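Here's the structure we're looking at; comments come further down.
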Amino acid sequence: MPSLLLWSFHLLQTRASLPQPLHETEDGIFAPVQVALLPFHKNWAHLKKPPERFWIEVGMNNWDLSVHYGDFGEGDFVLGFEPLLDKYGERLASYRPTHSAGSGKFRALGRQHERGLAFPFAVGCKGMAKFRVAEEDSCSTLLPLLADAYPDIEAEHPAIRNFKADCATSTEIRTVPCISLKHVIRDWLGGREVWFLKVDAEGADLAVVQSAGSMLRKIRHIQVEVHTGCGGIAPQFLNAPNCSSTVRFMRNAGYRCTSQDQGELLTDCGEGICQECYKNLPILNLLFIRQRISWDGSR
């Protein structure tokens, strides 16, 4: 009898640890699925040795950081986040295990390639959040879109022909799971340093960075997209932090702004950069490097 009671207790514990099953609400059908392994180090157990540098990419869409950044190589490992399920699925489908070239062979859970995982989460929000999907899906965002709130507004963009219809208006609103960088770095990576954080969160970039909380000091390089005051172009989002707020926050957090786009050096990366145009576009990719802190706390 004691053994039966012990078995029953173990069964109850196991059931309690499992996620809630498939459920339906007035908004949709929801199904919790496993997307990676725990303890987290199991996700790179196939490598000959543990990763030496960790990268995080927020807002992958159809971009592959490991291909486009020449500095990514042996010893690196990336965690990518993309709440659009079709784009998340494309990243998983692109994985070709080194042990097999066949499309019907086993693929390890969550891998986008041998040195990276993909997750269908939004970053920088809490719980579950509304995600506004635009016709041009790379414009999809957690933030309210301009034309949703002001349908009669005139909104143009020098690089997008049908900007208002394709990028500033929601085609669909979905509910997506959220996670913070603090949880990723502290709980998944065990407080390890992150070599590079790339963020393209369509107006929510600063919220992504701020979600690191006390773990922000663990991130060495941060690339964010900011929208400038170039040309007086109508904003795409409502309530998005402006460029100056981002530059000011990063400076106060101990980061030095060093480049504008793809490594192009800037002579000045203060708040004045927020009025600049880059190739006639109101968007800049700013790269920030954490300044080293000495033993007495000075930078």
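What follows is calculated from the coordinates using simple rules that are stated; it is not laboratory data. Please read all numbers here as calculations on a predicted model, not as lab measurements. Backbone-built Cβ (ideal geometry, glycine too); neighbour counts: all protein chains shown.
Things to note:
- Of Pro235, Val176, Ala212, farthest towards positive along the dipole that unit charges on Lys, Arg, Asp, Glu beta carbons give region 173-253: Ala212
- Between region 154-186 and region 113-148, the alpha-carbon center distance in angstrom: 6
- Within region 28-66: backbone nitrogen closer than 19 Å to the Leu18 label point (7 Å, Cα to C-beta): 30-38
- Taking 0.36 nm per residue of sequence separation and removing the Cα-Cα distance, the Glu26/Lys48 pair yields an extension gain of 3.1 nm.
- Straight-distance candidates among the aspartates and glutamates for linking to Lys126, with alpha-carbon spacing under 19 Å and chain neighbours fewer than 8 residues away dropped: Asp27, Glu57, Glu82, Asp187, Asp200, Glu202, Asp205.
- 5 angstrom amide H check on Ser140, placed H, neighbours 5+ away: Ala134
- Among the listed pairs Lys105/Lys198; Lys105/Lys130; Lys49/Lys130; Lys42/Lys182; Lys42/Lys105, those with a Cα-Cα distance over 29 Å are Lys105/Lys198; Lys105/Lys130; Lys49/Lys130.
- Under 5 Å, built H, 5+ apart or other chain: amide partners of Phe237: Leu146
- Stretching Ala93 away from Phe40 to a fully extended chain increases their span by 16.9 nm, per 0.36 nm per residue minus the current alpha-carbon distance.
- Summary of packing: across the peptides 49-57, 177-185, the per-residue average of other C-beta atoms within 10 Å ranks them, highest first, as 177-185, 49-57.
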